[in-house]
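Everything below concerns the one structure shown next.
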Amino acid sequence: MPETNVIYSINGPIVTIKGATTLSMTEMVYVGNEKLVGEVIKLDKDSTTIQVYEETGGLKPGEPIFSTGDQISVVLGPGIIKNIFDGIERPLTALEEKSGSFIKRGLSMSAISTEKEWDVTVTAKVGDRLKGGEIYATCPETDVITHRVMVPPYLEGEVVEAKPDGKYKVNDTIIKIETPSGEVKELTLCQKWPIRIPRPVNHRMEATKPLITGQRVIDTLFPVAKGGAAAIPGGFGTGKTMTQHQLAKWCDADIIIYVGCGERGNEMTQALQEFSEITDPKTGKPLTDRTVLIANTSNMPVAAREASIYTGITLAEYYRDMGYHTALMADSTSRWAEALREISGRLEEMPADEGFPAYLPSRLSKFYERAGYVETLCGKEGSVTVIGAVSPQGSDFSEPVTQNTKRFTRCFWALDKSLAYARHYPAINWNTSYSEYVNDFSKWYHDNVGENFLKYREEICNILSEESSLMEIVKLIGADVLPDDQKLTIEIARVIRVGFLQQNAFHPEDTYVPLEKQMKMMEVILHMYHVCRDIVAKQVPISKIIATGLFDKLVKIKYDVPNNNIGMLDSYIEEINTVLRPLMS
């Protein structure tokens, strides 16, 4: 590679070149004698600015900068799943074997193994006409995921040669196609794609199906769509990472992309250990068989943190294009925004709110808008669901990252410090959270869960809202002065909060709850409420109802009724009628 430019100045991860260059905007370059990976982020007629994705300590002015002619891209092919990468798709396990626990600078390594052989079935035949996104070969990537090898977007032509089925490496030629211009292209098992450019689709579809998570407060009160975007804001210790781990383990996406962006290293270690130990409820295989981890921890170079979420969503789009439903967990977008702020400061750009760059909203929108439920280029349905954690300092939801994230997501799961400190998990505050997808799912709920699901949900929300108002009065004058019907509201709201919304991730029956059980639990709780309301209306003291112990029994439904025997809940309705009938006479 010829030397074209030299370093003029170094400011943290920002390197500048003096004078005109042959480099282009967003081009990937190698910086210095150790060939550190960098990207051109600013071009003037008399200077060029590069952000370096590795530690720049020891770099000196005068060292060469090498052009590649390509944008920052990821390699897409079999071998991605079960792997763990850094923010620029370098395989951390392979790097550890080469350099130990701490990655040496300038190490260059293929993202996926070039030596491993894959058992490939070639589906294209000579004479077939293929266009971008169409599948020409398949291979089993893991025990549960079949990798569908696709023609790169914007390429089309006629197959002039196709290899027989057999074992091939990722760089082996599988087919050759002749383009309309007469050029013959060799296609292998892998391709490259720039991380900042969304992959094309046939068209975007309406998001009318929920992403089932097995978490009652999410599935029932604040659902997110397959192909939707959700934000999880919360201060330190409120359970953002824990909530995302639960979603990664149990949501019904086919493939999970988990991006640890600027988080602590022990959290990524915990995710890696947990995912490898968990048996996937859908397949019976290890959860890692459909998971990709991208680790860009807080001690890694800040510029690579900025790239990590683009790397993650490009991988998610790639598997979406095969016809899979993918879910991206970004933990946390606040650390990503802080990386933007640091780089912007070193570029001496004019700061906006709290020092963040003025283009923070547009960067957030470009990220979240890459979520979607689509028809892919090969005619299949696929989706990318984005769930981004936000870490506002001091739990201040008015800060810029949280406020701008709310603009581009339709689902907002606000984590509450007081709930978390009271050990109420998930600590999602039902008064400040919302989901704009609920009405979009009405037909799906009617057809797949039951016609009363949304009616029950609405009544549950009304009780919780009424309790919130009553608790303001209780704080001032105490609960004793309330009439019995309002005391009943507070009592049934406690059952909803503790027995329904609170969930135990360590209990085998409560860590994941199917929608059918969620609906039946709501039916039992609301039946109790309606019967008690009729009794209280007849001037029966509520103390007599509480003395039956039914409220406490309902709180324990989540543990006492197995997920595979939901019919047991009918016996609770019978018991409520039997125990409370004498009080009605």
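Length, then width, then depth: along the principal axes, the Cα atoms of the stretch 1-94 run 45, 26, 22 Å.
Can you tell me the length gained on complete extension of the stretch D128 to E369, counting 0.36 nm per residue apart and subtracting the Cα distance? Walk me through the intermediate numbers first.
Values: separation 241, 0.36 × 241 = 86.76 nm, distance 3.47 nm.
Roughly 83.3 nm would be gained on extension.
Computed over the chain, the per-residue total of -39500 (n - 2.57) for DSSP H runs of n ≥ 4 gives a 222 nm mean residue ellipticity of -10000 deg cm²/dmol, rounded to 500.
Computed over protein heavy atoms with a 1.4 Å probe, the accessible surface of the chain works out to 42 Å² per residue. Note on surface exposure: W336, W430 rank W430, W336 by accessible area, highest first, 1.4 Å probe. In order along the stretch 213-230, the Karplus-derived 3J(HN,Hα) couplings, from 6.51 cos²θ - 1.76 cosθ + 1.60 at θ = phi - 60°, round to 10, x, 9, 4, 5, 7, 4, 8, 8, 9, x, 10, 7, 5, x, x, 9, 9 Hz, and Gly and Pro are given as x.
Between K167 and L43, what length in nm is gained on full extension when 0.36 nm per residue of separation is reduced by their alpha carbon distance? Walk me through the numbers on the way to the answer.
Numbers: separation 124, 0.36 × 124 = 44.64 nm, distance 4.58 nm.
Length difference between fully extended and current span is 40.1 nm.
Remark: spin-label model distance T121-E349 equals 4.8 nm, labels positioned 7 Å along the Cα→Cβ axis. With contacts taken as Cα pairs under 8 Å and at least 6 residues apart, the stretch 37-154 reaches a relative contact order of 17 percent. A Förster radius of 22 Å, combined with the Cβ-Cβ distance separating D252 from E274, puts the computed FRET efficiency at roughly 0.75. Computed in the context of the full set of protein chains, the accessible area of the stretch 301-460 at 1.4 Å probe radius has 44% of its extent on carbon or sulfur.
Each label was represented as a point 7 Å from its Cα along the Cα-to-Cβ direction; for V160 and I546 these points are 8.5 nm apart. Shown here: percent of Cα pairs over 47 Å apart, derived from the displayed model; of the candidates [x] 11; [y] 64; [z] 22, it corresponds to [z]. Maximal additional length on extending the E516-T146 stretch stands at 130.2 nm, based on 0.36 nm per residue less the C-alpha distance.
Can you classify the stretch 479-522 as rounded, prolate or oblate using the Cα gyration tensor, where a ≥ b ≥ c are the square roots of its eigenvalues, rounded means a/c under 1.5, and otherwise it's prolate if a/b beats b/c and oblate if not? Write down the numbers at each step before the final one.
Numbers: a/c = 6.13, a/b = 2.39, b/c = 2.56.
Oblate.
The GluC sites (Glu not before Pro) of the stretch 1-50 meeting both criteria, a DSSP state outside H, G, I, E and B (loop) and at most 10 other C-beta atoms within 10 angstrom of the site's C-beta, are E3. Across the stretch 219-376, the relative contact order, built from alpha-carbon pairs under 8 Å that are at least six residues apart, equals 29 percent. Restricting the GluC sites (Glu not before Pro) of the stretch 40-118 to loop positions (DSSP other than H, G, I, E, B) with no more than 16 neighbouring Cβ atoms within 10 Å leaves E115, E117.
Computed about the Cα centre, the dipole magnitude for the stretch 160-303 is approximately 200 debye when only Lys and Arg (+1) and Asp and Glu (-1) carry charge, each at its Cβ.
Along the charge dipole of the chain, pointing to its positive end and built from +1/-1 on Cβ of Lys, Arg, Asp and Glu, which listed residue (Y456, W444, V31) has its Cα farthest out? About the Cα centre, the residue reaching furthest to the positive side is Y456.
Leaving ligands, DNA and RNA out of it, report the carbon-plus-sulfur percent of the accessible area of the stretch 162-286 at a 1.4 Å probe.
Details: 2450 of 4800 Å².
For the stretch 162-286, the apolar C and S fraction of the accessible surface comes to 51 percent.
Think of the stretch 103-155 as a dipole: +1 on every Lys or Arg Cβ, -1 on every Asp or Glu Cβ, centred on the Cα centre; then among V149, G127, L107, L107 lies furthest on the positive end. Projecting the Cα atoms of T405, M584, V524 onto the charge dipole of the chain (Cβ charges, centred on the Cα centre) puts M584 farthest toward the positive pole. Each other residue within a Cβ distance under 10 Å of T16 adds +1 if Lys or Arg and -1 if Asp or Glu, for a net charge of +1. Find how many whole Å separate the alpha carbon centroid of the stretch 557-571 from the alpha carbon centroid of the stretch 329-376. Centre-to-centre (Cα) distance: 45 Å. Using Cβ point charges alone (K and R +1, D and E -1), the dipole size of the chain about the Cα centre works out to roughly 300 debye. With R₀ set to 22 Å, the beta-carbon distance separating S418 from N462 gives a calculated FRET efficiency near 0.45. On a C-alpha basis, how far is the centre of the stretch 397-461 from the centre of the stretch 109-140 in Å? Whole number, if you could? Centre-to-centre distance over Cα atoms comes out at 41 Å.
With θ taken as phi - 60° and the Karplus curve 6.51 cos²θ - 1.76 cosθ + 1.60 applied, the whole-hertz 3J(HN,Hα) list for the stretch 519-534 is 5, 5, 5, 4, 4, 5, 4, 6, 4, 4, 4, 5, 5, 5, 5, 5 Hz, x standing for glycine and proline.
Under 28 Å Cα-Cα from K544, which lysines qualify once same-chain neighbours fewer than 8 residues away are excluded? Partners found: K475, K487, K520, K553, K556, K558. In summary, the lysines within cross-link reach of K42, defined as a Cα separation below 20 angstrom excluding same-chain residues under 8 places away, comprise K18, K366.
The phi torsions of the stretch 356-365, fed into the Karplus equation with coefficients 6.51, -1.76 and 1.60 and a -60° offset, translate into couplings of 6, x, 5, 8, 4, x, 5, 5, 4, 5 Hz, rounded to whole numbers, with Gly and Pro shown as x. For A230, the amide hydrogen comes within under 5 Å of the amide hydrogens of V386, I387, G388, counting only partners 5 or more places away or on other chains and with H modelled in the peptide plane. Measuring nothing but how far apart in sequence close Cα pairs (under 8 Å, 6+ apart) lie, relative to its length, the chain scores a relative contact order of 13 percent. Cross-link check: pairs K35/K185; K125/K167; K192/K226; K116/K240; K282/K443; K406/K443 evaluated at a Cα-Cα cut-off of 28 Å; pairs beyond the cut-off: K35/K185; K116/K240. Distance between the modelled labels on D570 and E97, one decimal in nanometres: 5.7 nm (7 Å Cα→Cβ projection). Under 17 Å of direct C-alpha separation, and excluding same-chain neighbours fewer than eight residues apart, K417 reaches these aspartates and glutamates: D396, E399. The overall shape of the stretch 336-444, judged from the alpha-carbon gyration tensor, is oblate: a/c is not under 1.5, and a/b is no greater than b/c. Say R0 is 56 Å: what FRET efficiency, to the nearest 0.05, do T68 and N431 get from their beta-carbon distance? Working from the Cβ atoms, E equals 0.60. Within the shell of other residues whose beta carbon sits under 10 angstrom from the beta carbon of Y572, the net charge comes to -3, with Lys and Arg scored +1 and Asp and Glu -1.
The values are calculated or read from the model by the stated rules, or taken from the named source; none is laboratory data. These numbers were taken from a predicted model, which means no experiment stands behind them. With ideal geometry, Cβ positions are generated from the backbone for all residues, glycine too; neighbour counts draw on all protein chains shown. Surface accessibility is based on the protein's heavy atoms, side chains included, excluding ligands, DNA and RNA. Shrake-Rupley method; radii C 1.70, N 1.55, O 1.52, S 1.80 Å.
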